[in-house]
Amino acid sequence: MTITVNGVDELRKLVGGDLGTSEWIEVTQERVNTFADATGDHQWIHVDVEKAARGPFGAPIAHGYLTLSLFIPLFTGLLDVQGVTTKVNYGLNKVRFPSPVKVGSRIRLVAKLAEVLDVPGGVQVVVDGTIEIEGVGKPAAVLQSLSRFYV
């Protein structure tokens, strides 16, 4: 369920609270191949289905940065900030990939709003996120994301 807030003052009221859990997204081989083409990273553990099946993970796996990039569609399903003119990624404070995402797996985001800080022209939003893999005990990614919302 998406939380909708109107403006940064309403956003500040959410600091310290859970933003919830996103819908699941399936990580398909097509998505992995498209990411490989976009980045030039065609390592066999991602794109060679037959060889990857015999490899250390038993299947092709998503690129770590593909998993990280899926934070955006997962996050936008959790929080909609209205009353701002521009929303941009600002960076990451921390990111780890504890478990690989096998092709065919589904992932989702669990997020908490850690901070909302004033910056010139708007606010910087700090989100603590965990990208979970359905049926797997360890998460695919644990991260702290920074975004800026300009008014």
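The values are calculated or read from the model by the stated rules, or taken from the named source; none is laboratory data. Only a predicted model underlies this, so the values are computations on that prediction, with no experimental measurement involved. In this analysis, Cβ positions are derived from the backbone assuming ideal geometry, glycine residues included, and neighbour counts consider all displayed protein chains. These area figures cover heavy atoms from the full protein model, side chains too; ligands, DNA and RNA do not enter into them. Shrake-Rupley method; radii C 1.70, N 1.55, O 1.52, S 1.80 Å.
Just to confirm, what accessible area per residue do you get for the chain at 1.4 Å probe, in whole Å²?
Numbers: 8030 Å² over 151 residues.
Accessible area per residue, the chain: 53 Å².
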Connecting every pair of Cα atoms under 10 Å apart in the chain and solving the GNM, the largest mean-square fluctuation among Thr76, Thr21, Thr85 falls on Thr85
If a/c stays under 1.5 just call it rounded; otherwise compare a/b with b/c (prolate if a/b is bigger, oblate if not). Do that for the chain, with a ≥ b ≥ c from the square roots of the Cα gyration tensor eigenvalues. prolate
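What fraction, in whole percent, of alpha-carbon pairs in segment 32-83 exceed 18 Å separation?
Details: 575 of 1326 pairs.
So the pairs more than 18 Å apart make up 43 percent of the total in segment 32-83.
How much FRET efficiency would the formula 1/(1 + (r/R0)^6) give for Leu92 and Met1, where r is the Cβ-Cβ distance and R0 is 35 Å, rounded to 0.05? Spell out each step's value before the answer.
Working: r = 26 Å, r/R0 = 0.73.
Working from the Cβ atoms, E equals 0.85.
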Quick check: from the Cα gyration tensor, does segment 51-131 come out rounded (a/c under 1.5), prolate or oblate? prolate
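Using a probe of 1.4 angstrom, how much of the accessible area of the chain is carbon and sulfur, in percent?
On the way: 4060 of 8030 Å².
Carbon and sulfur together cover 51 percent of it.
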Put +1 on the Cβ of every Lys and Arg and -1 on every Asp and Glu Cβ in the chain; which of Leu68, Asn6, Pro56 then has its Cα farthest towards the positive end of the dipole? Pro56
Estimated dipole of the chain in Debye, rounded to 20 [Cβ of Lys and Arg +1, of Asp and Glu -1, Cα centre]: 300 debye
Taking only Cα atoms, what is the 0 to 90° angle, nearest 10, from helix 29-39's long axis to the longest principal axis of the chain? 70 degrees
Could you work out which residue, out of Glu115, Glu23, Glu50, moves most in a Gaussian network model of the chain, that is, has the largest mean-square fluctuation with Cα springs under 10 Å? Glu50
Return the inverse of the average 1/r over all pairs of distinct C-alpha atoms in segment 81-125, which is the Kirkwood hydrodynamic radius, in Å to one decimal. 14.0 Å
Mind checking which of Gln29, Gln124, Gln43 has the largest fluctuation in a GNM of the chain, springs on alpha carbons under 10 Å? Gln43
State the Cα centre-to-centre distance between segment 39-73 and segment 1-38 in whole Å. 21 Å
